[in-house]
Amino acid sequence: MAGVLYAREEPGKGEGGRGVTLADLLAGVIFAALNAYAVLAGADFGGGVWALLAHGPRKERQRDLIAHAIGPVWEANHVWLILAIVLLFTGFPAAFARLGVALHIPLSLVLIGIVLRGSAFTFWRYGGETDAEQRHWGVTFAVASLITPLLLGTTVGAIASGALGEAGRGKGEGFYPGYVAPWLTPFALGVGVFALVAFAFLAAVYLTLEAEETELREDFRRRALGAGVALFGAALLVLVLSGTGAPRVRAGLILAPWAAPLHLLTAGAAGAALVALWRRRYGAARVAAAAQVSLILSGWGLSQYPYILPPDLTVAGAAAPVATLRLLIGALALGAVVLLPSLYYLFRVFKSRTPVAPPTTPPTPPR
């Protein structure tokens with residue numbers, strides 16, 4: 001009984017009122033998994049956007065580059081979303097239930113989009129015996145890549161807005177007020193657009209490193225610069241809409257003690273990414289772009305803490321019993337021993353740019 005009470009304490013207060021609780025730790029792991037999904041799988045979605053917008057004399061080569069870059073890793077990147085969902089379901093069942101009820105429309109569409117996108121990519125690159133079939137599946141893949149991040153961002157916007165406080169409780173308010181109105185708002189849709197632009201920015205930056213031809217590299221360099229500027233505009237739009245759409249998030253991003261340092265770091269990362277792109281320092285641009293997106297996501301997480309679903313469901317209040325949390329942490333530790341080395345090996349094999357060493361002895365000339 002004491003363990004259960006401990007799991008329900010206010011965040012930041014462990015046994016004896018000190019330390020970080022297991023619920024806080026697990027919530028941090030979920031956030032880290034979502035961040036990894038945004039930085040890695042987000043670029044895959046962005047690649048689909050650029051496949052849809054490919055144009056000019058090199059458009060087919062651009063699409064081939066995107067497919068080549070995505071092919072070896074796109075399916076593995078979904079492990080981060082699966083991890084976040086499983087941990088939320090097991091560690092915070094109250095939050096999972098409310099999300100599953102109030103946001104079942106956008107979340108169901110996200111799931112359909114992910115499955116449709118993966119299937120279309122497979123048929124596009126490995127099936128389709130005619131050009132018409134390949135074009136059909138290529139367009140399907142690109143459209144699903146555009147709509148899915150838009151809905152993912154809209155879901156995040158609905159959570160940040162605090163609109164799920166009553167909608168997930170089954171009050172009998174009606175279909176539209178309970179299941180559509182929480183996410184079909186200017187702020188939530190603005191966050192969806194922001195997520196789409198951020199993923200397109202990440203993809204363009206990453207593709208500058210994937211390209212081996214100078215012309216293709218320049219194509220995606222220009223797209224990355226344009227997307228970086230558009231990302232600033234999308235962020236400004238979301239900040240304006242948050243005044244009425246998400247006042248808690250806005251207050252945290254402006255008034256919290258961590259707000260100014262976080263904004264300075266984010267601005268520094270954004271500036272570093274654009275400068276590196278301008279100077280064609282593509283490795284530095286990739287690191288800076290990933291840091292920029294991670295810092296933006298950190299602002300969202302910090303601004304709504306200690307609530308996992310504002311305005312009334314805290315991390316501690318939604319947590320499972322402490323025995324469950326301990327088992328989850330133990331399973332995470334054991335799983336990380338297998339998962340992390342496997343992912344590292346996957347990326348090392350398919351994303352390494354280490355050149356092949358030339359032969360040490362010249363071949364024997366023919367007689």
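Each row is one residue, and each column tells you yes or no for (1) closer than 22 Å to residue 335 by Cβ; (2) acidic (Asp, Glu); (3) within 15 Å of the chain's Cα centre (by Cα).
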| site | (1), (2), (3) |
| --- | --- |
| 21 | yes, no, no |
| 24 | yes, yes, no |
| 40 | yes, no, yes |
| 62 | no, no, no |
| 78 | yes, no, yes |
| 92 | yes, no, no |
| 104 | no, no, no |
| 107 | no, no, yes |
| 110 | no, no, yes |
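Scan segment 260-308 residue by residue and report those that are touching a Ser or Thr at 6+ places or on another chain (Cβ under 8 Å) and within 30 Å of residue 163 (Cα to Cα). If the condition is that a residue be touching a Ser or Thr at 6+ places or on another chain (Cβ under 8 Å) and within 30 Å of residue 163 (Cα to Cα), then 262, 292, 295, 296, 299, 306, 307, 308 are the ones that fit.
Would you confirm whether any residue within segment 246-266 is under 17 Å from residue 230 (Cα atoms) and of a type in the set (A, V, I, L, M)? Checked segment 246-266: no residue is under 17 Å from residue 230 (Cα atoms) and of a type in the set (A, V, I, L, M). None of 256, 267 is at pLDDT 90 or above and farther than 21 Å from residue 182 by Cα except 267. Based on what the data block shows, is residue 270 farther than 23 Å from residue 194 by Cα and either touching a residue at least 12 places away in the same chain (Cβ under 8 Å) or crowded, with 18+ Cβ neighbours inside 10 Å (or both)? In short, no.
Every condition in (1) touching a residue at least 24 places away in the same chain (Cβ under 8 Å); (2) surrounded by fewer than 18 Cβ atoms within 10 Å (Cβ to Cβ) holds for residue 286 except the one numbered (2).
Among the residues of segment 244-259, some residue qualifies, meaning at least one is in contact (Cβ under 8 Å) with a residue 40 or more places away in the chain, over 16 Å from residue 293 (Cβ atoms) and touching a strand residue (DSSP E or B) at 6+ places or on another chain (Cβ under 9 Å).
Take residue 87 and tell me if it is more than 21 Å from residue 154 (Cα to Cα), modelled with pLDDT of 85 or more and in a helix (DSSP H, G or I). If you could, list the steps in order and put the result at the bottom.
Working: more than 21 Å from residue 154 (Cα to Cα): yes; modelled with pLDDT of 85 or more: yes; in a helix (DSSP H, G or I): yes.
Here the answer is yes, as residue 87 does meet what is asked.
Just one of the numbered conditions (1) surrounded by fewer than 17 Cβ atoms within 10 Å (Cβ to Cβ); (2) at pLDDT 90 or above is not true of residue 355: (2).
Flag: residue 139 matches the condition of being open to solvent by 20 Å² or more (accessible area, probe 1.4 Å) and over 21 Å from the mean Cα position of the chain (by Cα).
Keeping to segment 295-329, report how many residues are part of a helix (DSSP H, G or I) and open to solvent by less than 30 Å² (accessible area, probe 1.4 Å). I'd like the intermediate steps shown before the answer.
So in segment 295-329, the residues part of a helix (DSSP H, G or I) come out as 295-304, 315-318, 322-329.
In the following step, the residues that additionally are open to solvent by less than 30 Å² (accessible area, probe 1.4 Å) were identified as 299, 301, 303-304, 315-316, 318, 322, 325, 328.
Summing the residues that are part of a helix (DSSP H, G or I) and open to solvent by less than 30 Å² (accessible area, probe 1.4 Å) in segment 295-329 gives 10.
Across segment 176-193, what is the number of residues that are part of a helix (DSSP H, G or I) and open to solvent by less than 30 Å² (accessible area, probe 1.4 Å)? Don't jump to the end; show me each part of the working.
Taking segment 176-193 as the starting set, the residues that turn out to be part of a helix (DSSP H, G or I) are 176-180, 186-193.
Checking which are open to solvent by less than 30 Å² (accessible area, probe 1.4 Å) leaves us with 178, 180, 187-188, 190-192.
Residues that pass the stated criteria total 7.
Count of segment 200-215 residues, restricted to those that are assigned to a helix (DSSP H, G or I) and either open to solvent by less than 40 Å² (accessible area, probe 1.4 Å) or in contact with a Gly (Cβ under 7 Å, 6 or more places away or on another chain) (or both), is 9. The conditions are (1) open to solvent by 10 Å² or more (accessible area, probe 1.4 Å); (2) out of contact with any Pro (no Cβ under 6 Å at 6 or more places or on another chain); (3) aliphatic (A, V, I, L, M), and residue 163 fails exactly one of them. Which is it? Failing condition for residue 163: (2). If the condition is being surrounded by 22 or more Cβ atoms within 10 Å (Cβ to Cβ) and assigned to a helix (DSSP H, G or I), then segment 100-112 contributes 102, 106. Quick one: would you say residue 34 is among the hydrophobic types (A, V, I, L, M, F, W, C), touching a helix residue (DSSP H, G or I) at 6+ places or on another chain (Cβ under 9 Å), open to solvent by 30 Å² or more (accessible area, probe 1.4 Å) and at pLDDT 85 or above? Yes; evaluated as a whole, the condition is true for this residue.
Taking residue 148 as the residue in question, decide whether it is touching a Ser or Thr at 6+ places or on another chain (Cβ under 7 Å), assigned to a helix (DSSP H, G or I) and at negative phi. Answer is no for this residue.
Any idea how many residues of segment 40-64 are open to solvent by 20 Å² or more (accessible area, probe 1.4 Å) and part of a helix (DSSP H, G or I)?
Just the residues of segment 40-64 that are open to solvent by 20 Å² or more (accessible area, probe 1.4 Å), to begin with: 40, 50, 52-53, 55-61, 63-64.
From what's left, part of a helix (DSSP H, G or I): 40, 50, 52, 59-61, 63-64.
Number of matching residues: 8.
Of all the criteria given as (1) small (Gly, Ala, Ser); (2) crowded, with 18+ Cβ neighbours inside 10 Å; (3) touching a Phe, Trp or Tyr at 6+ places or on another chain (Cβ under 8 Å), the one not satisfied by residue 230 is (2).
The values are calculated or read from the model by the stated rules, or taken from the named source; none is laboratory data. Keep in mind that this is a model prediction, so the values were computed, not measured. Don't worry about glycine lacking a Cβ; one is built from the backbone with ideal geometry, like all the others, and counts go over all protein chains shown. Surface areas here come from the heavy atoms of the whole protein model, side chains and all, with no ligands, DNA or RNA. Shrake-Rupley method; radii C 1.70, N 1.55, O 1.52, S 1.80 Å.
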